[in-house]
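Heads up: the structure comes next, in structure tokens.
The values are calculated or read from the model by the stated rules, or taken from the named source; none is laboratory data. If you're wondering where the values come from, they're calculated on a predicted model, not measured in any experiment. All Cβ positions, even for glycine, are placed from backbone atoms using ideal geometry, and neighbour counts span all protein chains on display.
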Amino acid sequence: MADLPRIDHPGQVAAERISTVPCRATGTHVHLRSDLPLLDALHEAAEGGAGWFVLRDLAARRLSFVRPAPAPGDGHAAWYSAPATLENARIVRAGAHLGRKNGQPFAHVHGIWQDEAGGLHMGHLLSHETFLDTGAEAEMWALSGARLEVADDAETEFSLFRPVQTERVGHPNAMLVTIRPNVSLHDGIREVARLNGIVDGRVMGLGSLIGTSFEGGRTIESYATEVLLDTCRIRGDAVELAGASIGFSGGFEEGPLARDNVVCVTFELLVISDTGVLAPESVA
């Protein structure tokens, strides 16, 4: 295999490359209100808790988002585009991690949406500036025992989600995970599964990669791409990932991911054991 790509960040490299906290993930369906910003609607639906949301086919009367952009020259390895706003849009598919920032609800959302003329876009949704058109149902994995909290990250000089324990839970069935830069996404997930005895499970999440390679040879060459995972499984020692990715050009690609993708800034994951069992060391 060719050498994996690498990216330089301004700060000292942290010793811990993969952070994990065991938790209990419970699948449910929730109602999202349209008279609140999407962030507040997610927070209310979660009853003040944390979780992972799957948003599909939702009408939005206003939708704001950004895309990845080249480094601005201030030391950061990458940045964001200027915000774009769509009226009368539709969220085709999106994923949202709901956690906390400075004690307040905060969501990290990547997805694909359609504008009023039918054009498709992908990016990082600004949930505090986005409103649904009507109340709608969404899938949620509610978490107990852990949540993502934003903290300053010395390595990247970004403020990033990190998993923290909120309470001890009996019989955890999932791991809340963040993976740091220059770690293989496939290998990182495989290591989480191995250490926690997950041999049959699902992987949900989002983050950034140093470019994105798909099976079959398609690539996005931008050195920072934003990714939403979709239909991802752990089967024994194998990790099967698929998703959508966007780079600097504004176009996006979808499909099964190749095994040579490397984290750019961060990747935030919920890894659930479908057997409902984690290894004993996960809960020690």
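Could you check how many residues of region 231-259 are modelled with pLDDT under 95 and on the phi < 0 side of the Ramachandran plot?
Counting residues in region 231-259 that are modelled with pLDDT under 95 and on the phi < 0 side of the Ramachandran plot gives 3.
Quick one: which residue in E16, E47 is of a type in the set (D, E) and on the phi > 0 side of the Ramachandran plot? Reasoning before the result, please.
Numbers: E16 fails: on the phi > 0 side of the Ramachandran plot.
So the residue among E16, E47 that is of a type in the set (D, E) and on the phi > 0 side of the Ramachandran plot is E47.
For region 221-253, name all the residues that are touching a residue at least 24 places away in the same chain (Cβ under 8 Å) and of a type in the set (S, T, Y).
Within region 221-253, S222, Y223, T225, S245, S249 qualify.
Looking at region 182-201, which of its residues are surrounded by fewer than 24 Cβ atoms within 10 Å (Cβ to Cβ), out of contact with any helix residue (DSSP H, G or I) (no Cβ under 8 Å at 6 or more places or on another chain) and not β-branched (V, I, T)?
Those that are surrounded by fewer than 24 Cβ atoms within 10 Å (Cβ to Cβ), out of contact with any helix residue (DSSP H, G or I) (no Cβ under 8 Å at 6 or more places or on another chain) and not β-branched (V, I, T): N182, S184, H186, D187, G188, R190, E191, R194, D200.
Condition first: surrounded by 13 or more Cβ atoms within 10 Å (Cβ to Cβ) and more than 17 Å from the chain's Cα centre (by Cα). Now tell me which residues in region 27-42 satisfy that.
If we filter region 27-42 for residues that are surrounded by 13 or more Cβ atoms within 10 Å (Cβ to Cβ), which is where we start, we get 30, 32-34, 36-42.
Of everything in region 27-42, those that are surrounded by 13 or more Cβ atoms within 10 Å (Cβ to Cβ) and more than 17 Å from the chain's Cα centre (by Cα) turn out to be V30, L32, R33, S34, L36, P37, D40, A41.
How many of the residues in region 119-134 are assigned to a loop (DSSP other than H, G, I, E, B) and out of contact with any helix residue (DSSP H, G or I) (no Cβ under 6 Å at 6 or more places or on another chain)?
Narrowing region 119-134 to residues assigned to a loop (DSSP other than H, G, I, E, B): 119, 126, 130, 133-134.
Adding the requirement that they be out of contact with any helix residue (DSSP H, G or I) (no Cβ under 6 Å at 6 or more places or on another chain) leaves 119, 126, 133-134.
Counting residues in region 119-134 that are assigned to a loop (DSSP other than H, G, I, E, B) and out of contact with any helix residue (DSSP H, G or I) (no Cβ under 6 Å at 6 or more places or on another chain) gives 4.
If you take the residues in region 212-250 that are basic (K, R) and within 20 Å of L269 (Cβ to Cβ), which one is surrounded by the fewest Cβ atoms within 10 Å (Cβ to Cβ)?
Checking each candidate, the answer is R235.
Which numbered condition in (1) under 13 Å from the mean Cα position of the chain (by Cα); (2) farther than 20 Å from I7 by Cβ is the only one that A238 fails?
Among (1) under 13 Å from the mean Cα position of the chain (by Cα); (2) farther than 20 Å from I7 by Cβ, A238 violates only (1).
Residue-by-condition table, conditions (1) out of contact with any Leu (no Cβ under 6 Å at 6 or more places or on another chain); (2) of a type in the set (D, E, K, R):
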| position | (1), (2) |
| --- | --- |
| V21 | no, no |
| T26 | yes, no |
| H29 | yes, no |
| S34 | no, no |
| A41 | no, no |
| A46 | no, no |
| G51 | no, no |
| R56 | yes, yes |
| R61 | yes, yes |
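Just to be sure before I move on: is G197 over 18 Å from the mean Cα position of the chain (by Cα), more than 28 Å from S159 (Cβ to Cβ) and either small (G, A, S) or in a strand (DSSP E or B) (or both) in the structure I sent? Can you show your working first?
Numbers: over 18 Å from the mean Cα position of the chain (by Cα): yes; more than 28 Å from S159 (Cβ to Cβ): yes; either small (G, A, S) or in a strand (DSSP E or B) (or both): yes.
Against the criterion (over 18 Å from the mean Cα position of the chain (by Cα), more than 28 Å from S159 (Cβ to Cβ) and either small (G, A, S) or in a strand (DSSP E or B) (or both)), G197 qualifies.
Could you pull out every one of the strands (runs of 3 or more DSSP E) wholly within region 145-192 that has 1 or more residues that are closer than 18 Å to W79 by Cβ and touching a Ser or Thr at 6+ places or on another chain (Cβ under 7 Å)?
Working: elements: 146-152, 159-165, 174-179.
The qualifying strands (runs of 3 or more DSSP E) are 146-152, 159-165.
For R90, are the conditions met, namely being crowded, with 18+ Cβ neighbours inside 10 Å, among the charged types (D, E, K, R), within 14 Å of S64 (Cα to Cα) and touching a residue at least 12 places away in the same chain (Cβ under 8 Å)? Walk me through it before giving the result.
On the way: crowded, with 18+ Cβ neighbours inside 10 Å: yes; among the charged types (D, E, K, R): yes; within 14 Å of S64 (Cα to Cα): yes; touching a residue at least 12 places away in the same chain (Cβ under 8 Å): yes.
In short, yes.
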